[in-house]
């Protein structure tokens, strides 16, 4: 039976000799103590104000940043990339949390504070919380979802717990005057699934809110968070720490993942560009410094615009059995960029893109809202 | 109090490190990433140590953290999913297993992370549907559908030999590599 074969395969993999462990218990103790200290601090100093400040880092418009913020430059709000309820822009936030529970603020500069936005009309924002329960918000562009009886079908997307095959179970309290429903995910006809709140934030535009860590979060709390979600308007745009200049073809950004910086810009940590035929992922990272040096000899490493550019092969989980490749390079600010992932025949494109890329360093004041010019 | 807590935590992690790495490696299909997942998981475990100790089974508790950390990690930075080496690495070293085993491992590695996690919990950890659902934070129905989708994908990938009988399942989450009690397993707190 296939199930037995799977078990056997897992066993064989598990029986493989383990390589040297990089796990550090001492590091876990240090990091764990730091988290506990933060938690106690947040509780001690009056969490509502701090939580509000954390949220402000996401939604405050230009010129409203508190003194002493990470960046002196006002957070940019670019009208030209402002999304509408029907067409979300890949360069600006469309929805954001306006309020989160006091004990669950958005944590500054942690790697899991991110939001994703894609051009197909789904936006997800997740707040990292100290108790590991993240609120997930998904807004679908107008026209992307259809309701037939008790079934709401948004047709695509799997990242949100309740964004597909959701079934209305009961009416929920109105969210800002709009009808809302308690919905459950796939299989809920037979099982008590994960509870989500669904509401039409605009006619034809649905939003979902759930908690990744709790199957049945407090109804009162869920409605309160939903009532404070902000859609459209003056939302901050993403900032990019590199700019691609004069790259032949019509390239555009389609899928940024950003990281929330404490009182600072929304750094696009990862994003995808496409010319309609080829899609490339670009990642920029400051938290894991690499050194500007060559790893390996030619053809693995070459010098482009003064940077040592290293070619790497992607993890074994290749698509369609083909190997995939990426390149990375670091600058003197310990920012490093990675471009990928392509099959062997497109490796040259990676070098071409990098040769047109200007790395803007680790100072937010030098970042740009125009990743491609 | 902190000292005793730390000592207790350190003892527990040291005794479980190998089994946690094994589990994480099955999920990640990569030892480097597996270590990252385990490192993050044990940090969370430390934060929630009092709750973990109060759980019916600390092993089940930490296993849930590892699985959720893996799923969470998959959703974040693209960069961190890439192995950086000094040279172009070759494919994973072939074992002495028959070709079908390699095909099976490759097919499992190619599954979407949530489906792979479901298979690991069901067929490596030997968890019943309800327990797997608790670990994954979803409904039993979703576990069943994820399992069915994964099996279908594997059958397609493996072809006619997919259902060739091979006996054996594996234990999970305990320090010793021995089969556990099976379905009468422990409860689970929030990880």
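Values computed for the structure shown
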quantity	calculated
Test: residue in segment A:318-328 that is in contact with a helix residue (DSSP H, G or I) (Cβ under 9 Å, 6 or more places away or on another chain), more than 19 Å from residue B:109 (Cβ to Cβ), in a strand (DSSP E or B) and at pLDDT below 85	yes
Looking only at segment A:330-353, and only at residues there that are closer than 20 Å to residue A:239 by Cβ and buried (at least 17 other Cβ atoms within 10 Å of the Cβ), the one that is modelled with the highest pLDDT	A:353
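Quick grid of which residues meet (1) within 22 Å of residue B:119 (Cα to Cα); (2) modelled with pLDDT under 90; (3) buried (at least 23 other Cβ atoms within 10 Å of the Cβ):
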position: B:41; (1), (2), (3): yes, no, yes
position: B:49; (1), (2), (3): no, yes, no
position: B:62; (1), (2), (3): yes, no, yes
position: B:71; (1), (2), (3): yes, yes, no
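The values are calculated or read from the model by the stated rules, or taken from the named source; none is laboratory data. Remember, predicted model here, so these are calculated numbers, not experimental data. Note that each Cβ is placed from the backbone with ideal geometry, even for glycine, and that neighbours are counted across all protein chains shown.
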